[in-house]
1. So for each of 242-255, 18-31 I average, over its residues, the number of other beta carbons within 10 Å; can you give me the resulting order with the highest mean first?
2. Running Debye on region 174-298 with equal point scatterers at the Cα sites and no solvent, what base-10 log of I(q)/I(0) appears at q = 0.23 Å⁻¹?
3. Percent of accessible area on the chain owned by carbon and sulfur, 1.4 Å probe?
4. Give the Cα extents of region 1-87 along the principal axes, in whole Å, largest first.
5. Using all alpha carbons of the chain, what is the percent of pairwise distances in each 10 Å bin, ordered from the shortest bin to the longest?
6. Which of the listed residues, 76, 16, 46, is farthest toward the dipole's positive end in region 8-150, when Lys, Arg count +1 and Asp, Glu count -1 at the beta-carbon?
7. Please tell me which of these pairs span more than 32 angstrom C-alpha to C-alpha: 47/240; 33/186; 186/287; 33/287?
8. Would you work out the charge dipole size for the chain about its Cα centre, treating the Cβ of every Lys and Arg as +1 and the Cβ of every Asp and Glu as -1, and quote it to the nearest 20 debye?
Amino acid sequence: ASFTVVQTADVPAVVVTSPPKINFAVFSGGKVKEGLTTSNVRFAIAKLVPGTNGNPDQWQSYVSRVETATAGAGPNGSPALATAVQATTDSATPAQLVYNPDGYYTYTFSTDIKDPTKTNGVTYEPDRTHRVAIQLSYVNGAGETVLVNPYFGFTLAASGTSVSVTDPTKTRKITDVASCNGCHEKLALHGGGRVDTQYCVMCHNPGTTDANSGNVLTLVTMAHKIHSGKLLKSALAAGKGGEDYAIWGYGNSKHDYAEVGFPQDLRNCTKCHSASNPNTPQGDNWKSAPSALACGSC
C-alpha cells in the first residue's frame, strides 16, 4: 500500500531523471503516519538481470559500498580478500525526505543510478524490472514499534516515471517470509528491521561478498548453506568435500553455521518453495528450472 496508493493516484511511486525520487505513503491506525524522518527509513533499489548459462535471474543493486577486510578476521585468522563490494541501502541526510501536504513522502536518493561511476559500474536499464524497497520502522498509536519492508516492482517509461509490474512472470519471488516464519516464528535480521525475504534479496545478490571469508552472500547460496551447515561440516570432517561455512558479519563478528541443520529432510524443497503460494509465482523453479547455484549450495 505504501507505493500502490500513490501510483494509482497518478503520483508515480518512482521517478528517475537523475537521482531517483521515491513517493510513498505510510498508514497507521487508519490514517496517514506523519512525522517520519530519515531515522525511520532506509531505501534500496535494484534491477532484475536475466540469468544466462543455466543460472537464475538475479537482482542487482544500484547502491553498494566497498568493505575492507580486518586483520585477524577470516578463516584461520586471515582475511580471504583485501576488499569486497557489498550492496547496501542509500545513504541519507534529513533533507532528502520531505512530507507532502497531500499525505505522502518523497525521498530523493543520494545515488544517481543513471551514472555508472556512482554505482560501481552497474548500468541503468530502464526497461528491466526494478524493485524499490524500504526498511521502515515507526511507533504506532498503541506505542508498539512496527517493523515492515514494503516494496514495489516497476519498469520505467521514457519520461522516467514508474510503470507497475503486474505480470508475475516479469519478477522474481522464490520464497515467502511466511514460509520462513513457519520455523523461525518471526524472521528479523540485522538488528530486527529486515523482516521480508523480498527485501533481503535487494542486497544479498551476486553484488555482495564478505571480504573476510571470501563467501558470496547471494541469498540463494547463503540460505541453502546455512540450513545445511551441519551436513557440510560433517562431509568436510569425513573427507567428502563439504566446508566449514562461516560469515564475518557486522562488527567483523564470526557467524559459524557448523551446527545448523534443517529440521527435516533437506530435499523437501516445498517447505520453502511452492508456486501454490500466490506470493511466490516462481516457487516451483526448484523443479521446473533448477540451477547449480541453488542445488549445488548444499
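1. Values: 242-255: 14.8, 18-31: 17.5.
For the peptides 242-255, 18-31, the packing ranking is 18-31, 242-255.
2. Debye curve over Cα of region 174-298, log10 I(q)/I(0) at q = 0.23 Å⁻¹: -1.70.
3. Percent of accessible area from carbon and sulfur atoms in the chain: 53.
4. Rounded to whole Å, the extents work out to 54, 37, 27 Å.
5. With a bin width of 10 Å, the distribution comes to 6, 25, 34, 24, 9, 1, 0.
6. 76
7. On the way: 47/240 38 Å; 33/186 24 Å; 186/287 27 Å; 33/287 43 Å.
Distance filter (> 32 Å) returns 47/240; 33/287.
8. 280
The values are calculated or read from the model by the stated rules, or taken from the named source; none is laboratory data. All values derive from a computational prediction rather than experimental measurement. Neighbour counts are summed over all protein chains in view; Cβ atoms, including those assigned to glycine, are modelled from backbone coordinates with ideal geometry. Surface areas here come from the heavy atoms of the whole protein model, side chains and all, with no ligands, DNA or RNA. Shrake-Rupley method; radii C 1.70, N 1.55, O 1.52, S 1.80 Å.
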